[in-house]
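J.: Dumping the structure here so I can ask a few things about it.
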Amino acid sequence: MPSTRRPHVTTRGPATERRQSAWTADQVRALGLTTDLATAADILGVSRSAAYKLARRDAFPVPLIRAGTHYRVPVPPILAALHLAHDVPSTEDANPIQ
C-alpha cells in the first residue's frame, strides 16, 4: 500500500526558502553565530511547534537566547549537540604511515 505521508519539507532561515534534504555540517556552520528557533528545530529534527513548546518550558535541547518575544539559538551548541563541534580531518589529508 503506498504511503500517504507527505515528503518532509521544512524551512531554513527565512520562511521563503524551502528545504527537502538533511543539513550538512557546512550548512550549519554557514548560519553564523546564531539562528532562529525554527531553523535550529529543523536541524535537530524537531517540529517548529514542538520547538516553541520546549522553549517555553526551558527544555529545548540547546541553550536559547530570548530577546523579547523572539528566540535566537547559538550555532556552536547545535554543532556540539550533533557532535560536529570539532572539524574531523578527512582521510585524504592524512599522511600514510611509511
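J.: Those residues that are of a type outside the set (D, E, K, R) and either within 12 Å of VAL75 (Cα to Cα) or at pLDDT below 95 (or both), I need them from segment 27-40; list them, please. Break it down stepwise before answering.
T.: Let us first name the residues in segment 27-40 that are of a type outside the set (D, E, K, R), namely 27-28, 30-35, 37-40.
The answer is GLN27, VAL28, ALA30, LEU31, GLY32, LEU33, THR34, THR35, LEU37, THR39, ALA40.
J.: Counting just the residues of segment 21-44 that are more than 16 Å from PRO61 (Cα to Cα) and of a type in the set (D, E, K, R), which one comes out surrounded by the most Cβ atoms within 10 Å (Cβ to Cβ)?
T.: That would be ARG29.
J.: Any idea which residue in segment 46-98 is surrounded by the fewest Cβ atoms within 10 Å (Cβ to Cβ), counting only those that are at pLDDT 95 or above, assigned to a loop (DSSP other than H, G, I, E, B) and small (Gly, Ala, Ser)?
T.: Restricting to residues being at pLDDT 95 or above, assigned to a loop (DSSP other than H, G, I, E, B) and small (Gly, Ala, Ser), the top hit is ALA59.
The values are calculated or read from the model by the stated rules, or taken from the named source; none is laboratory data. Given the structure is predicted, the values throughout are model-derived calculations rather than measurements. Quick reminder, even Gly has a Cβ in these numbers, built from the backbone with ideal geometry, and neighbours come from all protein chains shown.
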